[in-house]
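Trainee: This is the structure I want to talk about, given as structure tokens.
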There are 2 protein chains.
Amino acid sequence: MSPPEPIAVLGGGTIGCGWAAVFSAAGHPTTVIDPDPAAAGRLSETWRSALPVLKRLKRSVAEPLPPRHVTSPSVLPAPPAFVVEALPERIELKRSALAELEAAIPAETIIVTSSSGLSVSELQEGMAHPERLVLGHPCNPPYLMPTVEIGGGDRTDPAAIDQAAALFEGLGKVVLRVRREVPGHLVNRLQAALWREAVHMAREGVASVADIERAVTDGLGARWSVIGPTTIFHLAGGSAGLPKFLDDLGGEVERWWDSLGDPRLDEHTRKILIDGMRDAAAGRSPAEIARHRDTAMLAVLDCLDDLSTQQAEPQN
Amino acid sequence: MSPPEPIAVLGGGTIGCGWAAVFSAAGHPTTVIDPDPAAAGRLSETWRSALPVLKRLKRSVAEPLPPRHVTSPSVLPAPPAFVVEALPERIELKRSALAELEAAIPAETIIVTSSSGLSVSELQEGMAHPERLVLGHPCNPPYLMPTVEIGGGDRTDPAAIDQAAALFEGLGKVVLRVRREVPGHLVNRLQAALWREAVHMAREGVASVADIERAVTDGLGARWSVIGPTTIFHLAGGSAGLPKFLDDLGGEVERWWDSLGDPRLDEHTRKILIDGMRDAAAGRSPAEIARHRDTAMLAVLDCLDDLSTQQAEPQN
């Protein structure tokens, strides 16, 4: 194996610092580019939080070097093999930073964008070498969440997509291939679809926000962490699998679909959600809930990681 | 505390036998009513699978007695404090069994229906004492999954709903209050909403079924097992919480909502799902996947149980 390649990360916000920690822990010499001098502090702070997580998830070399910070792509310490772009979701900002970046790196260096809202095709407009721009969207924080959504825009070279996929697979990431550009990619669309019905039911008084939250955490989340939504119905069909489920219960599912809501986030809905969330939080601040989330998710992901390792090992 | 009350379960299928195991393990003298003599065998088999799970989840008394089987409500060994109805989802079958049951038990005994498709109000038509019929819908299997959806129909006595809620809370269940009758209650509607978009994306070629499954198992499930969908956005708003999220990103979420699909389970869609599920299963039979699901879900639920115990304990 060749030594891990140098990586540059464009943007020292939450996602950029998180990505830098992932690459650094895996042994890649990693540099974050951000004109803001305060980015150096955010980077150290993220590294301190992320490294114990990455070690527990067995995603760290024995003695990783922390990521470095520079203020401009023109002063990178080494030509990067890949650049990960993790700037705020503003088209002009991204376009001008990409132009400055392209002037400083070789024409063939692949650029992976973490964009969640802007499409790769939009970002490619005006690029000198649009064929190298690839989607690589993580869940937040990138050092904890396993998935990366990989895809291209209208002008992306398919070989660049494969190379980016190989980079992330090498980090132990679960690569999801997005084959057509759609708003929200895969994960955010699925999340939005579920939340739309959660909002609908809260708005219509079917249940409290707190009980809808529990329907997800205690009713659906654990199962979905183990098997996906189509697999659930495949198993509901018994030994005959999905075809039998579709024969027996496809009509019932369509009946549910037809009764799902299409709410708007208007003032009335906002008030129900905000009041309901206050009740659901039961006095805990966002920071307290976030601490619980971080502890609990690490425990669950560690448990799932152990299970998939067991599953992958030969059974005697 | 009074000793656990006698419970009768109407119907010795998967759900009925599962419920019987939950009540028996908790120390309730439990009898399953099913005219089919083969129900006794299913009951013993479920008891053997369920008891180790219930012990691991700390939902069993030290020396529980197994549930009994009788073929008719007229030969129950003791008047039950509650009856749990878990018959197949056929209206005529449920109505005639409820009539036979009502003739054999006191007028005030609460009947809890596990119905997922038929509404409580529909089942109340023709009952001698409709005010005692309460919804109590579990996720399957009831001895593993924490939630029970509790609610009433047009003619349910609110006090009966509260008594049923107290019974299930006493078993350590997470009670979700369904305040208006809607197809699929809470959990199945949320599941259907997510699956609709999964089907849409598979149908439109946005991603493979296998990658959509992984978007849920590796991208969303672990987080949803820890915090619900509205809490996720509450935390995304930082210290200002949900109002800030709605101000900053509510419009983006509405844009995603407007792009979600509304597929039908027609022949073309069925073929894509069935072929995609075959690829996703990668040669594993439904039974093999189900074994993985059972092992992994028990591990995850046990981990979550430990975390919520830790959270409930005072922090020093």
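Derivation of every value follows stated rules applied to the coordinates shown; laboratory data play no part. On a predicted model such as this, the values are computed, not experimentally measured, just so you know. Note that each Cβ is placed from the backbone with ideal geometry, even for glycine, and that neighbours are counted across all protein chains shown.
Trainee: Assuming R0 = 45 Å, can you tell me the calculated FRET efficiency for the pair A:D279 and A:A107, based on Cβ-Cβ distance, to the nearest 0.05?
Mentor: Numbers: r = 56 Å, r/R0 = 1.24.
Efficiency, from the Cβ-Cβ distance: 0.20.
Trainee: Per-residue Cβ counts within 10 Å, from other chains only, averaged over A:295-303: what number is that?
Mentor: Numbers: counts 4, 12, 6, 2, 8, 10, 4, 1, 7.
Mean inter-chain Cβ contacts per residue within 10 Å come to 6.
Trainee: Given 10 °C and 1.306 mPa s, compute D for the protein assembly as shown with the Stokes-Einstein relation, Rh being the Kirkwood radius over Cα pairs; round to the nearest whole µm²/s.
Mentor: Details: Rh = 26.1 Å.
D, rounded to a whole number, is 61 µm²/s.
Trainee: When Cβ neighbours within 10 Å are restricted to other protein chains, what is their mean count per residue of peptide B:144-154? Please list the in-between numbers first.
Mentor: Working: counts 2, 5, 5, 8, 2, 4, 1, 2, 0, 0, 0.
Per residue, the average neighbour count from other chains is 3.
Trainee: Helix B:241-259 sits at what angle to the longest principal axis of chain B, using alpha carbons and giving 0 to 90 degrees rounded to 10?
Mentor: Around 80 degrees separate the two axes.
Trainee: What is the distance in Å between the Cα centres of region B:15-35 and region A:1-24?
Mentor: So the separation of the two Cα centres works out to 55 Å.
Trainee: If each label sits 7 angstrom from Cα along the C-beta direction, how far apart, in nm, is B:H268 from its counterparts in the other copies?
Mentor: List, nearest first: 3.7 nm.
Trainee: Separate question: Run the dipole for region A:158-290 about the Cα centre, Lys and Arg Cβ at +1, Asp and Glu Cβ at -1, nothing else charged, and hand back the magnitude in debye, nearest 20. Mind showing how you got there, number by number?
Mentor: On the way: 16 positive and 19 negative charges, 77 e Å.
Using only the charged Cβ atoms, the result is roughly 360 debye.
Trainee: Looking at B:V174, B:L65, B:A128, which one has the Cα that reaches farthest to the positive end of the dipole of region B:7-178 (charges on Cβ: Lys, Arg +1; Asp, Glu -1)?
Mentor: B:L65
Trainee: According to the square roots a ≥ b ≥ c of the eigenvalues of the Cα gyration tensor, what is the shape class of region A:188-283, taking rounded for a/c under 1.5, prolate for a/b larger than b/c otherwise, and oblate for the remainder? Each step should come with its number before you reach the end.
Mentor: Numbers: a/c = 2.91, a/b = 1.85, b/c = 1.57.
Here region A:188-283 falls in the prolate category.
Trainee: Starting with the highest mean, order B:163-173, B:139-149 by the number of other Cβ atoms within 10 Å, averaged over the residues of each peptide.
Mentor: Working: B:163-173: 17.9, B:139-149: 23.5.
Per-residue Cβ counts within 10 Å, averaged per peptide and sorted highest first, yield B:139-149, B:163-173.
Trainee: Rounding to the nearest 10 and keeping the result within 0 to 90°, find how far the Cα-based axis of helix B:158-170 lies from the longest principal axis of chain B.
Mentor: Helix B:158-170 and the main axis of chain B meet at about 80 degrees.
Trainee: Please say if region B:151-214 is rounded, prolate or oblate, where rounded means a/c under 1.5 for a ≥ b ≥ c the square roots of the C-alpha gyration tensor eigenvalues, and otherwise the choice is prolate for a/b larger than b/c and oblate otherwise?
Mentor: Since a/c reaches 1.5 but b/c is at least a/b, the shape of region B:151-214 is classed as oblate.
Trainee: Can you give the mean number of other chain Cβ atoms that lie within 10 Å of the Cβ atoms in peptide B:132-139? Provide the component values of the computation, followed by the final result.
Mentor: On the way: counts 0, 0, 0, 0, 0, 0, 1, 6.
Across B:132-139, the average partner-chain Cβ count within 10 Å equals 1.
Trainee: What is the dipole size for region B:248-316, taken about its Cα centre, with +1 at each Lys and Arg Cβ and -1 at each Asp and Glu Cβ, in debye to the nearest 20?
Mentor: Working: 8 positive and 15 negative charges, 102 e Å.
The dipole magnitude comes to about 500 debye.
Trainee: If you only keep lysine pairs separated by 8 or more in sequence, or across chains, how many in the protein assembly as shown come under 26 Å at the Cα atoms?
Mentor: For the protein assembly as shown, qualifying lysine pairs total 10.
Trainee: Next up: How big, in percent, is the set of alpha carbon pairs in chain A lying more than 24 Å apart? Provide the component values of the computation, followed by the final result.
Mentor: Working: 30531 of 49770 pairs.
The calculated P(r) of chain A puts 61 percent of pairs beyond 24 Å.
Trainee: How compact and how long is region B:31-79, expressed as Rg and Dmax of its alpha-carbon atoms in Å?
Mentor: In Å, with Rg to one decimal and Dmax whole: 12.4, 36.
Trainee: Assigning unit charges at the beta carbon (Lys, Arg +1; Asp, Glu -1) and nothing else, what dipole magnitude in debye, to the nearest 20, does the protein assembly as shown show about its Cα centre?
Mentor: Numbers: 60 positive and 82 negative charges, 208 e Å.
For this selection, approximately 1000 debye.
Trainee: Same structure again: To the nearest 10 degrees, how steeply does helix A:14-25 sit against the main Cα axis of chain A, on a 0 to 90 scale?
Mentor: So the helix axis and the longest Cα principal axis differ by about 70 degrees.
Trainee: Taking the Cα centre of the protein assembly as shown as the origin and placing charges on Cβ (Lys, Arg +1; Asp, Glu -1), which of B:A192, A:A198, A:I15 is farthest toward the positive end of the dipole?
Mentor: Checking the options against the dipole of the protein assembly as shown, the answer is A:I15.
Trainee: Right, next: Please state, as a whole number in µm²/s, the translational diffusion coefficient that the Stokes-Einstein equation yields for region A:7-178 at 10 °C and 1.306 mPa s, with Rh defined as the Kirkwood radius across alpha carbon pairs. Intermediate values should be presented prior to the final figure.
Mentor: Values: Rh = 15.7 Å.
In µm²/s, the coefficient is 101.
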